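The values are calculated or read from the model by the stated rules, or taken from the named source; none is laboratory data. As the structure is a computational prediction, the values presented were derived from the model and not from experiment. Neighbour counts are summed over all protein chains in view; Cβ atoms, including those assigned to glycine, are modelled from backbone coordinates with ideal geometry.
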Protein chains: 2
Amino acid sequence: MPKKVNHEQRRNRIAEAAWQVILEFGMEGATVRKIAEKAGLSLGALRYYFSNQEDLILYAMRLVKERAAERIKQILHRDGSPKQKMLDVLLEIVPTNPQTRAEMEVWFSFVGYARHHPHLLKEEGDGILAAIQLMFGYMETNGLLRPGIDKQLEIERLYAMVDGLALHAMLEPERLTEKQVEKVIASQLDVIFE
Amino acid sequence: MPKKVNHEQRRNRIAEAAWQVILEFGMEGATVRKIAEKAGLSLGALRYYFSNQEDLILYAMRLVKERAAERIKQILHRDGSPKQKMLDVLLEIVPTNPQTRAEMEVWFSFVGYARHHPHLLKEEGDGILAAIQLMFGYMETNGLLRPGIDKQLEIERLYAMVDGLALHAMLEPERLTEKQVEKVIASQLDVIFE
DNA sequence: AATTATTTAATACAATTGTACTAAATAATT
DNA sequence: AATTATTTAGTACAATTGTATTAAATAATT
C-alpha cells in the first residue's frame, strides 16, 4: 500500500551524499544535517532511513568498499595475462583520477574515524592484502613466480608499495601521475614474475 | 616581575596533552576542554597560551615533526656505513614501538584534519621524500648507487614502500613486527646499493 | 472515495562545542 | 610591605550537535 520508494537505492543516495560531505568537510564536518541537505532530504526523512549517525557512516563506508570490490572483480574477469591483470587490479587500487581519489579519501577518513569508535573496530580492513595473497597463491600454483624469491617478503613489499603509492597519489596527485604509478608497479611486478 | 613560568615548555606540555587526547579520541574528540583537563589546566589558563584551537593543533603538529626530525638528525650524525645509516633512518620513520606508533597516528590525524582546514593547507609535508632524495643524491655523488638503476624510479619505489610500511605498522602492529619491517626495507636497499 | 501503511516535514531538547569575559591569585620587583 | 605584571580560575554565551517527537502528507490498496 505504501509508496514505491526503493529503500536500498535511497539509502545508497544518502551514502553518496555522505561521501561528498566527508570529502568537502572531513569526518568532523560530516553532520547529519549537512548530509541530509546534500541528499535533498529533511532531517526527519534522513532519520527514517538511518536511525543514527554511526549506522549511516558505517553503511556509507561499506558501500565504498563494495563498489571498489565490484570494479576489481570486473577486472579479474577480463581476458589477459595474469601479469597484466595483476597490474590492472593494482592500478585500480591506486587512485589516479578524481573519482577513485575521492573514494580513497573517504576511505581514509573512515579508517581514522573507526579507530576511535569501538563499535566499528571489528569491521574488516580493505581486503587488499588478502587480494594480493590470493594472487600470489594463484601464481605459485601456476609456476609464474620467479624462482628463488621469498614469497612472504615479496607479498609484504608489494603490499607496502601499493598502499604507499595510494597514499601519495591521494595526497599529491599533481606529483604522482598515472604513468608514474604504472611504471613503479610494473617494476615491482617484474621482480615477482618470471 | 612576573612568575617564572617557562612559556615554551608549558606550550610543549599542552601540545603533548593534545597528542594524548587525539590518540585517545581522534581529531573530532580533541576539544579544548579535554586537552586542558589532560594538561591539568583550566580552560582559561589554556586559552592564555593558545588563543584558539587551530593554533594549538598547528603547534602540536609542528612539534611532532620537530621531534621526529631531531631523532633522524641524531641518527645521521652517528658513525656507520651510508647503507646502515639509511636503514636506521627509515626504521625510525616506520613506527615499530608504541611511542613512534603514537606519533605516527597523531601525524596521520593531522594530515586528515589539515586537508579540510585551508589555513593549514600551506603547511609543508613530512619531509620524508626530501630526505630520501637527499640520501640518493649523496649516494650518487659517492658512487654508491648500483649501476644501471633508474634513480627517479627507485626513489619513488622506496618512498612508497616506506610510507606503506609506516601505514601498515600503525594499523596492524601485531602483524608487522620490527624484524619484518627491517627485512623489507633491507631488501629494498639491496636493490639500490651497489 | 475510504482506508491504511509508509514517508516526510518541522520543531524541540539536552548536551557539547569554541570562545569571551571578569575577578581573583600569584610572584617578582620596588 | 606595596606595587605591578603576569597567570589562573570560573562562569557565561551563542552556535551547533545528535536525537526524539509530533503531526502532516503521500500513495497504493480496498
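Within the stretch B:152-187, track down each residue that is of a type in the set (Gly, Ala, Ser) and buried (at least 23 other Cβ atoms within 10 Å of the Cβ). Don't jump to the end; show me each part of the working.
Within the stretch B:152-187, the first condition is being of a type in the set (Gly, Ala, Ser), and the residues that meet it are B:160, B:164, B:166, B:169, B:186-187.
Selection gives B:ALA160, B:GLY164, B:ALA166, B:ALA169.
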**Residues satisfying the stated conditions in the stretch B:8-28, i.e. at pLDDT below 90 and within 9 Å of DNA strand C (Cβ to nearest atom)** = B:GLU28
**Asked** Does the stretch B:131-162 hold any residues that are away from chain A (no Cβ under 11 Å) and part of a helix (DSSP H, G or I), and which are they?
**Response** B:ALA131, B:ILE132, B:GLN133, B:LEU134, B:MET135, B:PHE136, B:GLY137, B:TYR138, B:MET139, B:GLU140, B:THR141, B:LYS151
**Request:** Could you run through the stretch A:24-70 and say how many residues are away from DNA strand D (no atom under 16 Å from the Cβ) and touching a Ser or Thr at 6+ places or on another chain (Cβ under 9 Å)?
**Result:** 1
**Asked** Does A:GLU92 fit the bill of being over 17 Å from B:LEU165 (Cα atoms) and crowded, with 19+ Cβ neighbours inside 10 Å?
**Response** no
**Request:** Being closer than 24 Å to A:ARG78 by Cα and β-branched (Val, Ile, Thr) is the filter here, so list the residues in the stretch A:92-112 that pass it.
**Result:** A:ILE93, A:VAL94, A:THR96, A:THR100
**Selection from the stretch B:126-157 of residues that are on the phi < 0 side of the Ramachandran plot and in contact (Cβ under 8 Å) with a residue 60 or more places away in the chain** = B:ASP126, B:ASN142, B:LEU144
**Asked** Could you list, in sequence order, the residues of the stretch A:41-52 that are without any contact (Cβ under 8 Å) to a residue 12 or more places away in the chain and either within 11 Å of DNA strand C (Cβ to nearest atom) or surrounded by 18 or more Cβ atoms within 10 Å (Cβ to Cβ) (or both)?
**Response** A:SER42, A:LEU43, A:GLY44, A:ALA45, A:TYR48
**Asked** So which residues in the stretch A:24-82 are of a type in the set (S, T, N, Q), farther than 24 Å from A:LEU120 by Cβ and part of a helix (DSSP H, G or I)?
**Response** A:GLN74
**Request:** Assess whether B:LEU165 counts as being facing chain A (nearest Cβ under 9 Å), at pLDDT 95 or above and in contact with an Asp or Glu (Cβ under 9 Å, 6 or more places away or on another chain).
**Result:** yes
**Answer from A:TYR113, A:TYR59 - the residue that is within 16 Å of DNA strand C (Cβ to nearest atom), within 14 Å of chain B (Cβ to nearest Cβ) and touching a residue at least 40 places away in the same chain (Cβ under 8 Å)** = A:TYR113
